[in-house]
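The values are calculated or read from the model by the stated rules, or taken from the named source; none is laboratory data. Bear in mind the structure is a predicted one, so any value in this text is a computation, not a measurement. Note that each Cβ is placed from the backbone with ideal geometry, even for glycine, and that neighbours are counted across all protein chains shown. To get the accessible areas, we keep the full protein, side chains included, count just its heavy atoms, and leave off ligands, DNA and RNA. Shrake-Rupley method; radii C 1.70, N 1.55, O 1.52, S 1.80 Å.
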Amino acid sequence: MKTKLKKIDMNTKQLGNSDLSITPVGFGAWAIGGSGWEFGWGEQDDKTSVAAIHRALELGVNWIDTAAVYGMGHSEEVVAFALRTWPGPRPYVFTKCGLRWDEQGYVHRSLNADSIRRECEDSLRRLNVDAIDLYQIHWPTDDLEEGWGTMAQLQKEGKVRWIGVSNFNVEEMGRAQAIAPVTSLQPPYSLVRRDVEEEILPYCRSNGLGVIVYSPMASGLLTGAMTRERAASLPDSDWRRRDIEFKEPRLSKNLALVERLRTVGERHGRPPGQVAIAWALRNPAVTGAIVGARNVKQVEGNVGADRLHLTNDEIAEIEGKNENVPELVTAV
């Protein structure tokens with residue numbers, strides 16, 4: 001009989017300049033927004049989503065990251081219901097603004113001051129909270145100064161406790177910092193997307209910004225559950241059907257990476273996705289990782305990633321650095 005996974009005592013880390021001490025793994029609520037919009041993940045059952053959130057909290061996760069645009073408000077509503085029916089201590093709730101949608105579910109960016117204020121009020125209502133623990137600009141635009149100034153004002157008014165950014169580059173973070181302190185950055189970071197390593201993560205570390213990375217398992221690609229057949233049969237309502245990482249020629253390379261993750265994971269009794277999360281968490285600039293889950297089983301497969309310490313040899317193995325690749329022979 002399988003032993004039921006018990007609460008994990010996770011070491012928390014302070015997020016940037018805030019008073020928030022977060023667990024290394026947070027619950028990502030993008031996929032539970034469901035379908036019906038441009039970046040949906042296909043159909044999703046709300047009861048299954050609530051059970052997943054409750055299981056993550058039972059196991060010690062102390063923060064949830066969502067956004068107004070996820071499911072066009074639906075993800076925030078599901079998070080609110082999960083918290084209303086959760087008997088334990090309330091986790092931190094992080095959400096984002098700056099992405100608006102039309103009736104067809106197509107998304108556009110806006111950092112207009114009035115728009116952000118309206119988004120904040122809507123998120124407070126949907127989440128049923130008095131203040132948002134971390135409010136983040138989802139994507140930068142040319143008018144980021146207007147947007148960031150509004151975020152700082154919302155913080156002064158007590159509607160949001162701390163303010164951060166997502167998908168910003170170094171130059172954009174500098175522009176924001178000139179107006180008001182940035183608590184954190186939320187960038188994509190995984191074995192498939194490593195471009196933040198060169199400039200962005202070092203900037204955050206040297207300037208004391210917290211970093212909560214998203215998609216450490218590359219939107220499910222590195223979990224070990226994705227196959228060629230599954231990638232080919234993703235429904236039209238799942239945005240990943242349009243993602244180049246899920247198509248050839250990249251898909252074969254990514255599935256080979258999964259097999260390296262699986263090999264390392266088997267030595268530790270861990271699934272490939274957990275190894276991928278542990279790889280992202282090992283970077284000293286990273287405060288925590290946003291790990292999406294659509295059901296209890298996925299939650300249970302991911303939460304122990306911070307306890308998995310990879311050796312330098314294992315990291316090299318995962319990254320494919322120690323593969324014996326034959327030298328290319330060319331005609332002289």
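Checking Asp45 against (1) farther than 30 Å from Glu145 by Cα; (2) surrounded by fewer than 17 Cβ atoms within 10 Å (Cβ to Cβ); (3) modelled with pLDDT of 95 or more: exactly one of these is not met. Which one?
Every condition holds for Asp45 apart from (3).
Specify the residue that is modelled with the lowest pLDDT; the eligible residues are those in segment 21-42 that are small (Gly, Ala, Ser) and open to solvent by 40 Å² or more (accessible area, probe 1.4 Å).
By that ranking, first place goes to Gly36.
Between a residue in segment 15-29 that is among the charged types (D, E, K, R) and any residue that is modelled with pLDDT of 95 or more, which pairs come within a Cβ distance under 9 Å, given they are 6 or more apart or on different chains?
Note: pairs meeting the criteria are Asp19/Arg161; Asp19/Trp162.
Can you name every residue in segment 266-295 that is in contact with a strand residue (DSSP E or B) (Cβ under 9 Å, 6 or more places away or on another chain) and over 17 Å from Lys13 (Cα atoms)?
Correct list: Gly273, Gly292, Ala293, Arg294.
Based on what the data block shows, is Asp122 at pLDDT 95 or above and not in a strand (DSSP E or B)?
Yes: the conditions hold for Asp122.
Return the total of residues in segment 177-205 being open to solvent by 20 Å² or more (accessible area, probe 1.4 Å), among the aromatic types (Phe, Trp, Tyr) and either in contact (Cβ under 8 Å) with a residue 40 or more places away in the chain or in contact with a Gly (Cβ under 8 Å, 6 or more places away or on another chain) (or both).
Going through segment 177-205 one residue at a time, the tally reaches 0.
How do the pairs read when you match residues in segment 138-163 that are without any contact (Cβ under 8 Å) to a residue 60 or more places away in the chain and among the small types (Gly, Ala, Ser) with residues anywhere that are in a strand (DSSP E or B) and crowded, with 17+ Cβ neighbours inside 10 Å, using Cβ under 7 Å and keeping only pairs 6 or more apart or on different chains?
Qualifying pairs under 7 Å: Gly147/Ile137; Ala152/Ile163.
Those residues that are open to solvent by less than 10 Å² (accessible area, probe 1.4 Å) and among the aliphatic types (A, V, I, L, M), I need them from segment 81-101; list them, please. Explain how you work it out, then say what you get.
So in segment 81-101, the residues open to solvent by less than 10 Å² (accessible area, probe 1.4 Å) come out as 82, 91, 93-98.
Scanning segment 81-101 gives Ala82, Val93.
Of all residues in segment 102-126, which are closer than 14 Å to Lys159 by Cβ and crowded, with 21+ Cβ neighbours inside 10 Å?
Ile116, Glu119, Cys120, Ser123, listed by residue number.
Test of understanding: among Gly208, Gly158, Gly174, which residue is exposed (fewer than 15 other Cβ atoms within 10 Å of the Cβ) and under 21 Å from Thr23 (Cβ atoms)?
Answer to the check: Gly208.
Kindly check whether there is at least one residue in segment 219-227 that is at pLDDT 95 or above, open to solvent by less than 60 Å² (accessible area, probe 1.4 Å), under 30 Å from Glu314 (Cα atoms) and assigned to a loop (DSSP other than H, G, I, E, B).
Within segment 219-227, none of the residues are at pLDDT 95 or above, open to solvent by less than 60 Å² (accessible area, probe 1.4 Å), under 30 Å from Glu314 (Cα atoms) and assigned to a loop (DSSP other than H, G, I, E, B).
Which condition does Asn322 not pass, out of (1) modelled with pLDDT under 95; (2) under 25 Å from Val61 (Cβ atoms); (3) open to solvent by 20 Å² or more (accessible area, probe 1.4 Å); (4) touching a helix residue (DSSP H, G or I) at 6+ places or on another chain (Cβ under 8 Å), if it passes all the others?
All conditions are met except number (2).
If Ala51 satisfies every condition in (1) open to solvent by 30 Å² or more (accessible area, probe 1.4 Å); (2) touching a Gly at 6+ places or on another chain (Cβ under 6 Å) but one, which is the exception?
(2)
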